[in-house]
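Novice: The structure is given below, and queries will be raised subsequently.
The values are calculated or read from the model by the stated rules, or taken from the named source; none is laboratory data. Keep in mind that this is a model prediction, so the values were computed, not measured. Positions of Cβ are generated from backbone atoms using ideal geometry, with glycine treated the same way; all protein chains shown enter the neighbour counts. The area values use the complete protein model at the heavy-atom level, side chains included, leaving out ligands, DNA and RNA. Shrake-Rupley method; radii C 1.70, N 1.55, O 1.52, S 1.80 Å.
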Amino acid sequence: MKNKINWNFDNSYSRLSNAFKEHIKPVAVKKPELVLINDNLAKKLNLNFTKIDKAELSALFSGNILPEGSDTIAQAYAGHQFGHFTMLGDGRAVLIGEHLTKSNNRCDIQLKGSGKTAFSRNGDGRAALGPMLREYIISEAMHNLNIPSTRSLAVAKTGEKIIRDTPLQGAILTRVASSHIRVGTFQYVAARDKKDELEIFLNYVVKRHCPELIHSKKKALDLLKVLINKQIDLVVNWMRVGFIHGVMNTDNMTISGETIDYGPCAFMDTYDPKTVFSSIDRMGRYAYCNQPSITKWNLSRFAECLIPLIHQDQDQAIKSATDLINTFEKKYEESWMNMMRKKLGLQGADDKDKFLIIDLLTWMHQNKADYTNTFCNLMGLKEYDDNLYRGNDFKNWKKSWLERLKLNNNTPEKYIKLMRSVNPLVIPRNDKIEKTLEIAENGNLGPFKKLLKILEKPYVYQENISDYLKTESSSKGYKTFCGT
Ligand code: AMP
Ligand code: MG
């Protein structure tokens with residue numbers, strides 16, 4: 001099969017200490033059936049599935065057969081879940097191997113929902129069709145929104161029922177990631193309290209994700225700096241499109257800077273900074289507006305893991321790490337301001353920009369305006385017209401905005417081009433996602449595939465998609481779920 005598909009495995013994580021993983025195979029399933037395959041992603045990975053019949057693809061994407069060169073493992077990790085430290089690990093996922101593309105990009109190929117492992121605790125190791133399709137469509141939408149993300153290569157049904165509140169169809173998602181190494185993986189290694197192991201692991205991660213730091217004399221501190229920058233970039237991107245991750249536990253924060261774990265995530269429609277959809281997040285720890293401060297909190301947990309490698313003198317190490325962590329606010333603020341300036345088409349920086357931005361967000365909040373569509377309206381797209389935008393408060397704000405736009409040789413061509421590059425015209429709206437998933441679970445993938453296609457080009461004007469541009473039934477009260 002290797003030659004037909006072009007798998008090119010080099011399983012570096014498998015070669016690390018057995019303390020970091022369990023060598024385990026996916027648990028075979030009864031009646032595998034391929035539901036979806038991502039041809040564009042396959043092409044990008046130089047994989048060719050076109051010569052394989054559906055039965056074999058179904059067996060492959062359910063873990064019933066394994067590709068040549070794979071070495072299957074479940075990774076150990078720990079993590080702070082809602083602030084509480086726990087030992088975790090891949091409880092329902094198996095890493096098939098690391099595939100190298102022609103341009104030598106290394107990526108993890110993981111089956112999610114592949115059966116019990118040593119880390120399953122009380123779970124059944126399985127996943128349901130609806131949530132796996134949900135992860136598929138939202139992760140692909142994020143990628144197409146130009147936001148770093150794990151990706152989805154395929155979904156296969158297992159032909160087995162899994163028991164949740166009601167019996168559901170079992171399914172397996174093939175997830176592709178630069179790696180599945182998380183802040184929680186470092187927490188796991190650090191908790192073992194063996195400096196040599198931690199050092200080996202740091203060197204491994206640096207080689208894999210930051211090869212430019214290989215010869216650095218202060219690798220640990222430099223990696224911390226890189227991760228601060230990457231995570232700021234990521235969370236600013238989330239804020240840009242109104243994405244709410246929903247479960248920003250440290251085990252769900254990657255070292256690669258890719259968004260991972262699409263359980264309870266959702267997009268905000270009506271602008272409200274306190275928006276939270278996750279059914280278990282009763283205190284709003286992971287609400288939209290808290291995402292930057294939680295990012296900093298998670299990075300602090302990452303820094304703690306590295307202390308023994310930062311400096312022999314612990315006080316000195318803590319001071320260096322703290323100084324770096326304390327750069328977060330200023331860097332985030334700058335990055336967020338620049339992002340918001342782009343959303344408004346502003347060139348250069350003016351002292352009053354922050355007031356202009358805050359005034360708009362306050363207006364949106366008070367008037368229950370749609371976050372995405374307000375920017376589309378400002379870009380002059382007629383589909384996004386609404387009585388809401390005819391009120392005096394909005395008109396007055398717009399006057400100040402138009403004044404500000406005149407600075408720094410800005411022209412309408414320039415500012416519209418800038419705005420169009422960062423403001424999506426369409427996002428995965430909660431009601432559309434739920435409706436298409438329900439139909440897909442009943443065997444009709446048509447509407448799901450249509451939505452997937454529309455979300456491929458979120459910045460491009462598409463004819464006849466007006467149904468997808470508004471949330472019909474308000475997302476107030478919409479609930480999402482973890483680990484389903
Ligand atoms: P998550 O909420 O998806 O980040 O998962 C948190 C932890 O629970 C991870 O260690 C998962 O592997 C584990 N987990 C989630 N669902 C299951 C399941 N059905 N069976 C076993 N482990 C699970
Ligand atoms: Mg997780």
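Novice: Given the conditions (1) buried (at least 17 other Cβ atoms within 10 Å of the Cβ); (2) within 24 Å of the chain's Cα centre (by Cα); (3) within 30 Å of F201 (Cβ to Cβ), and given that S14 satisfies all but one, which numbered condition is not satisfied?
Specialist: So S14 meets the others, but not (2).
Novice: Within the group K417, K399, which residue is more than 20 Å from Y461 (Cβ to Cβ) and either at pLDDT 95 or above or outside any helix (DSSP H, G or I) (or both)?
Specialist: After applying the criteria, what remains is K399.
Novice: Can we say K319 is in contact with a helix residue (DSSP H, G or I) (Cβ under 8 Å, 6 or more places away or on another chain) and either under 20 Å from C482 (Cα atoms) or open to solvent by 10 Å² or more (accessible area, probe 1.4 Å) (or both)?
Specialist: no
Novice: Quick check on this structure: which one of D251, D269 is within 16 Å of ligand 2 (Cβ to nearest atom), surrounded by 22 or more Cβ atoms within 10 Å (Cβ to Cβ) and either in contact (Cβ under 8 Å) with a residue 60 or more places away in the chain or farther than 19 Å from W297 by Cβ (or both)? First the steps, then the outcome.
Specialist: Values: D269 fails: within 16 Å of ligand 2 (Cβ to nearest atom).
Sole residue among the options that is within 16 Å of ligand 2 (Cβ to nearest atom), surrounded by 22 or more Cβ atoms within 10 Å (Cβ to Cβ) and either in contact (Cβ under 8 Å) with a residue 60 or more places away in the chain or farther than 19 Å from W297 by Cβ (or both): D251.
Novice: Would you mention how many residues in the stretch 68-99 are in contact with a Leu (Cβ under 9 Å, 6 or more places away or on another chain), in a loop (DSSP other than H, G, I, E, B) and of a type outside the set (G, A, S)?
Specialist: 3
Novice: Kindly establish whether D261 is within 16 Å of ligand 2 (Cβ to nearest atom), of a type in the set (D, E), touching a His at 6+ places or on another chain (Cβ under 9 Å) and open to solvent by less than 20 Å² (accessible area, probe 1.4 Å). Can you show your working first?
Specialist: Details: within 16 Å of ligand 2 (Cβ to nearest atom): yes; of a type in the set (D, E): yes; touching a His at 6+ places or on another chain (Cβ under 9 Å): yes; open to solvent by less than 20 Å² (accessible area, probe 1.4 Å): no.
Here the answer is no, as D261 does not meet what is asked.
Novice: Related question: Any residue in the stretch 450-465 that is assigned to a helix (DSSP H, G or I), in contact (Cβ under 8 Å) with a residue 24 or more places away in the chain and out of contact with any Ser or Thr (no Cβ under 9 Å at 6 or more places or on another chain)?
Specialist: yes
Novice: Please tell me if G115 is within 10 Å of ligand 1 (Cβ to nearest atom), at negative phi and assigned to a loop (DSSP other than H, G, I, E, B). Break it down stepwise before answering.
Specialist: On the way: within 10 Å of ligand 1 (Cβ to nearest atom): yes; at negative phi: no; assigned to a loop (DSSP other than H, G, I, E, B): yes.
Here the answer is no, as G115 does not meet what is asked.
Novice: Still on this model: Can you confirm whether G345 is assigned to a loop (DSSP other than H, G, I, E, B) and surrounded by 18 or more Cβ atoms within 10 Å (Cβ to Cβ)?
Specialist: yes
Yes or no, residue by residue, for (1) within 16 Å of ligand 1 (Cβ to nearest atom); (2) assigned by TED's automatic domain parsing to the domain that holds L361; (3) at pLDDT 95 or above; (4) within 22 Å of T372 (Cβ to Cβ):
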{"site": "Y271", "(1), (2), (3), (4)": "no, yes, yes, yes"}
{"site": "D281", "(1), (2), (3), (4)": "yes, yes, yes, no"}
{"site": "K296", "(1), (2), (3), (4)": "no, yes, yes, no"}
{"site": "L306", "(1), (2), (3), (4)": "no, yes, yes, no"}
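Novice: Would you mention how many residues in the stretch 91-148 are open to solvent by 10 Å² or more (accessible area, probe 1.4 Å) and among the aromatic types (F, W, Y)?
Specialist: 1
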